[in-house]
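Colleague: What follows is a single structure, and I will ask about it in a moment.
Each reported figure results from applying straightforward, stated rules to the coordinates on display, with no laboratory input. Just so we're clear, the structure is a prediction, and the values are computed from it rather than from any experiment. Cβ placement follows ideal geometry from the backbone for every residue including glycine, while neighbour counts extend to all protein chains displayed.
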């Protein structure tokens with residue numbers, strides 16, 4: 001419960017036209033300060049002041065990416081209840097709110113166009129890689145089968161790339177966060193996630209080896225075609241393990257050992273695949289256990305790539321299950 005004085009401050013923070021507009025906009029998804037200034041039509045200092053007041057009231061949350069800052073509605077239960085109460089009592093046909101939504105649509109179209117332009121530059125190399133293994137639809141179908149219908153409170157997609165995994169798993173988590181170190185890829189992921197009917201996923205620029213803010217918080221961690229970019233995948237797995245909640249699961253999707261050197265020279269792969277024996281060793285070192293393995297060979301023979309899925313679980317939980 002919120003103390004009386006604090007509750008009054010929260011109400012004061014929301015009781016202003018621009019700040020109500022901001023809450024209505026952020027209910028549609030995460031936005032940067034630059035996006036908001038374009039939509040609201042106010043100066044950056046004025047917008048920042050309004051955002052600061054809403055943040056201090058606990059109604060929204062701020063995430064910094066270098067000189068940029070992104071804002072989203074708080075997911076704390078009290079804040080969710082209050083903001084929902086405010087927004088559902090606004091008239092969606094109000095001319096100001098209608099104009100805000102139209103400008104929001106315009107901003108999102110611009111995001112999509114810029115992301116598409118960048119991705120078209122790298123599409124050829126991506127297409128070549130995809131042609132070497134089983135169709136993506138088969139891999140994604142196996143991912144959905146392996147994860148079954150268990151819903152996560154927080155899903156972390158490390159090395160999110162285009163954000164496809166968060167899109168695929170939408171509806172199987174309450175909140176999804178994709179982390180990637182590439183600004184260009186994050187732009188692609190944000191454009192993809194903005195098109196989802198739900199607004200429970202965000203893309204974050206960051207180092208997947210530094211996950212302090214998510215320590216022990218994620219029920220599900222996804223490492224999809226990521227570990228081959230590390231010279232020491234075992235260490236990367238141990239670092240990711242720190243973000244896993246008790247009883248959580250980790251899904252690793254990568255290639256089996258292969259000899260396609262062009263992936264090292266042209267696409268910066270540091271490891272030419274990994275075996276199930278290696279994965280089991282790395283998992284044990286991270287206090288994890290391999291719960292399930294799926295192997296999907298390529299139809300291209302020696303010139304193709306075999307895709308492997310490993311579902312990892314807390315080793316302590318697995319030991320308890322066996323004892324029971």
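Colleague: Could you give the radius of gyration (one decimal) and Dmax (whole number) of the Cα atoms in segment 1-160, in Å?
Modeller: Final numbers for Rg and Dmax: 20.0, 63 Å.
Colleague: Additional query: Could you compute the FRET efficiency for residue 130 and residue 284, with r as their C-beta to C-beta distance and R0 at 41 Å, rounded to 0.05?
Modeller: 0.80
Colleague: Ok, one more. Place a point 7 Å from the Cα of residue 150 along the Cα-to-Cβ direction; which residues of segment 215-240 have their backbone N under 11 Å from it?
Modeller: 219-221
Colleague: Can you tell me how much longer the chain between residue 315 and residue 110 gets when fully stretched, taken as 0.36 nm per residue apart minus their C-alpha distance, in nm with one decimal?
Modeller: Between residue 315 and residue 110, full extension yields an extra 69.2 nm.
Colleague: Another question, then. Sort 185, 296 by Cβ crowding within 10 Å, fewest neighbours at the top.
Modeller: Ranked by crowding around the Cβ, least crowded first: 296, 185.
Colleague: For residue 52 and residue 18, compute 0.36 nm times the residue count separating them, minus their Cα-Cα distance, and round to one decimal in nm.
Modeller: Result for the pair: 11.0 nm of gain on full extension.
Colleague: Return, for the Cα atoms of the chain, the radius of gyration and Dmax in Å, separated by a comma.
Modeller: 21.8, 70
Colleague: Rounded, prolate or oblate for segment 132-323? Axes are the square roots of the Cα gyration tensor eigenvalues, ordered a ≥ b ≥ c, and the cut-off for rounded is a/c under 1.5.
Modeller: In terms of gyration-tensor shape, rounded.
Colleague: If you bin the C-alpha pair distances of segment 39-105 every 10 Å from 0, what whole percents do you get?
Modeller: 18, 41, 38, 3
Colleague: In addition: Just subtract the alpha-carbon distance of residue 80 and residue 184 from 0.36 nm times their residue separation and send over the number in nm, one decimal.
Modeller: 34.3 nm
Colleague: For every helix of n ≥ 4 consecutive DSSP H residues, a contribution of -39,500 (n - 2.57) applies; sum these over the chain, divide by its total residues, and give [θ] at 222 nm rounded to the nearest 500 deg cm²/dmol.
Modeller: Result for the chain, helices only: -14500 deg cm²/dmol.
Colleague: Could you tell me the calculated FRET efficiency between residue 235 and residue 28, based on Cβ-Cβ distance and R0 = 45 angstrom, to the nearest 0.05?
Modeller: After rounding to 0.05, the efficiency reads 0.70.
Colleague: Points 7 angstrom from Cα along the Cβ direction at residue 199 and residue 103: gap in nanometres?
Modeller: For residue 199 paired with residue 103, the spin-label model returns 1.6 nm.
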